[in-house]
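The values are calculated or read from the model by the stated rules, or taken from the named source; none is laboratory data. The structure presented is a predicted model; accordingly, all values stated were derived computationally and were not measured. Quick reminder, even Gly has a Cβ in these numbers, built from the backbone with ideal geometry, and neighbours come from all protein chains shown.
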Amino acid sequence: MTPRYVRIHPRDNVAIVVNEGGLKAGTAFPDGLVLAEPVREAHKVALEPIPKGQPIRRYGEVIGLAGRDINAGAWVREEFVELPAPPALDQVALATAAPPAGASIGGLEFDGYPNPDGAAGTRNILAITTTVQCVAPTVEFAVRRIRDEILPHYPGVDGVMALAHAYGCGVAIDAPDAEIPIRTLRNLSLNPNISSEPLVVSLGCEKLPPSRLFPEGSPLPVLSGEPWVVRLQDEEYRGFGDMVAAIMRLAEKRIERLSRRQRVPCPASLLNVGVQCGGSDAFSGVTANPVVGHAADLLVRAGATVMFSEVTEVRDAVHLLGPRAATVEVGRALLREMAWFDEYLRRGSADRSANPTPGNKRGGLSNIVEKALGSVAKSGTSALTHVAGPGERVSAKGLVFAATPASDFICGTLQTAAGMNVHVFTTGEGTPYGLGAVPVIKISSRTALARRWPDLIDLDAGRVASGESTLEQMGWELVRLILDTASGRNRACAERWKLDNPLALFNPAPVT
């Protein structure tokens, strides 16, 4: 096979090796560059001499400074790359280059479940909310019985799940940052795929009772006078059997109502697509993330909402996003989320350099700067129209930054709370991650991963690197896959295997 590398931008002085398995020392590329040493697949090779202290550029941006003299053809290893300072937030330009709206795309539809609040579900699921971790095993026991004994009689209902978590008591419930997990739980209960109709199980003595989780004036649907809370410490329950029976009775009432719902054609504007990456490698920013970015642009032009997240994987590219803000106010909101997270990390005696994982580095990513520049490719090129804090519900259309940590599970939980009804997840190293409430479409950055995990990867973006497809072609392919998945015509691999990672709340407040 012909030796190949990928150079993203004309200013780049490094490129990544494409050939599966890497290349040996002495390998000559068609342009005359000769490898001075073996270089692994997806790792960087110097295209020219880089003196010590000089910038190392990828994506046309500085990803680090050379910690030693680097010869042309050398493997640019992690230990040779010194981390530069992050962009100064007070110097980021805001709303100076907001892209004009692209031509509207009409006619894109999916078959969904309209909800009374104007959103639409892509799945028809009963979710049982828990107010405190103490009741989680009881609810999970009841859910297993509901699946075995009730759901088989209602084939129109996709499933039942417990919104279980490790919160609700033993915490500083009045601390300012406690609002984040509380509003997350509230908005998880209102996700469109669970019909925005909560059924709640409470213990009775916890710090987070239902009245605080759903305070007066919150968007709790009217349930025709039906009870919507089971409180296990109430006198009427004489033992565990009574508790489980009560949960099952209310659950069957909800399931019977859910079973009457029918899919109907819905415009693409009712899609809320959350995009995320995990187990990233150096190909992620070349193939999978740009494919998602192109699809994001198409969906925005169709009127949909597309949410990208992961603050630490945006922070070092914020200078590229600030100018794309639709208004100065949106740009300031973006910077506020960056500044809040900077302070959060400082309080924990950590910084952004803690982000890259051993797998990221094995996949060729030297540091968080390189990772962030590839990560933001998922946002495409549209104007940024809205910024949401952690756990907030998103109703805005267009491209949205929904602030979350970069943890796959916390990000997925917070995007579910924000209202996403389809999840798109890119990976280079691979992960079987899945969500119970939202279908997860998994995209590989490399064909080798898609071949190795054919029953876990839904779309192979490695075809872009091999030249078998283009970003534009694969962007449209992803849009069609999203519409088919939203309509229930396609079940993503993680969904077929019923992979459901537990909820992971973000709680920056103290635990008592």
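Identify all residues within region 146-174 that are over 17 Å from LEU258 (Cα atoms) and either outside the structural domain of GLU206 (by TED's automatic domain parsing) or surrounded by 15 or more Cβ atoms within 10 Å (Cβ to Cβ) (or both); write none if there are none. If the condition is that a residue be over 17 Å from LEU258 (Cα atoms) and either outside the structural domain of GLU206 (by TED's automatic domain parsing) or surrounded by 15 or more Cβ atoms within 10 Å (Cβ to Cβ) (or both), then LEU163, ALA164, HIS165, ALA166, TYR167, GLY168, CYS169, VAL171, ILE173 are the ones that fit.
Are any of the residues in region 81-101 under 26 Å from the mean Cα position of the chain (by Cα) and among the β-branched types (Val, Ile, Thr)? Yes, that holds for at least one residue.
Applying the selection to region 324-334, what residues are over 20 Å from the mean Cα position of the chain (by Cα), among the aliphatic types (A, V, I, L, M) and in a helix (DSSP H, G or I)? Passing the criteria: VAL328, VAL330. Using the structure shown, decide if ALA288 is in contact with a helix residue (DSSP H, G or I) (Cβ under 7 Å, 6 or more places away or on another chain) and within 22 Å of ILE482 (Cβ to Cβ). No; evaluated as a whole, the condition is false for this residue.
MET1 meets the conditions (1) closer than 28 Å to SER353 by Cβ; (2) at pLDDT below 95 in every case but one. The failed one is (1). Entry remark, region 302-323: residues being outside any helix (DSSP H, G or I) and not polar (S, T, N, Q) number 8 in total. Just one of the listed residues (ARG254, ARG301) is more than 29 Å from VAL18 (Cβ to Cβ) and either among the acidic types (Asp, Glu) or outside the structural domain of ASN360 (by TED's automatic domain parsing) (or both), and it is ARG254. Looking at this structure, is GLY303 surrounded by fewer than 24 Cβ atoms within 10 Å (Cβ to Cβ) and out of contact with any Phe, Trp or Tyr (no Cβ under 8 Å at 6 or more places or on another chain)? Taking the combined requirement at face value, the residue satisfies it. Scanning region 335-351 for residues being in contact with a Leu (Cβ under 7 Å, 6 or more places away or on another chain) and assigned to a helix (DSSP H, G or I) gives a total of 3. Scanning region 463-475 for residues that are farther than 26 Å from ASN421 by Cα and part of a helix (DSSP H, G or I) yields ARG463, VAL464, ALA465, SER466.
Of the residues making up region 81-92, those that are under 20 Å from ALA282 (Cα atoms) and without any contact (Cβ under 8 Å) to a residue 60 or more places away in the chain number 1.
Would you confirm, using the coordinates I've provided, whether PRO116 is under 30 Å from MET248 (Cα atoms) and in a loop (DSSP other than H, G, I, E, B)? So PRO116 fits the description; yes. Take region 359-369 and flag every residue that is more than 17 Å from LEU83 (Cβ to Cβ) and part of a helix (DSSP H, G or I). Result: GLY359, ARG362. For region 63-102, give me each residue that is more than 30 Å from LEU33 (Cα to Cα) and small (Gly, Ala, Ser). Those that are more than 30 Å from LEU33 (Cα to Cα) and small (Gly, Ala, Ser): ALA85, ALA88, ALA93, ALA95, ALA97, ALA98, ALA101, GLY102. Given the structure, is VAL292 touching a strand residue (DSSP E or B) at 6+ places or on another chain (Cβ under 6 Å) and within 13 Å of VAL376 (Cα to Cα)? It is true that VAL292 is touching a strand residue (DSSP E or B) at 6+ places or on another chain (Cβ under 6 Å) and within 13 Å of VAL376 (Cα to Cα).
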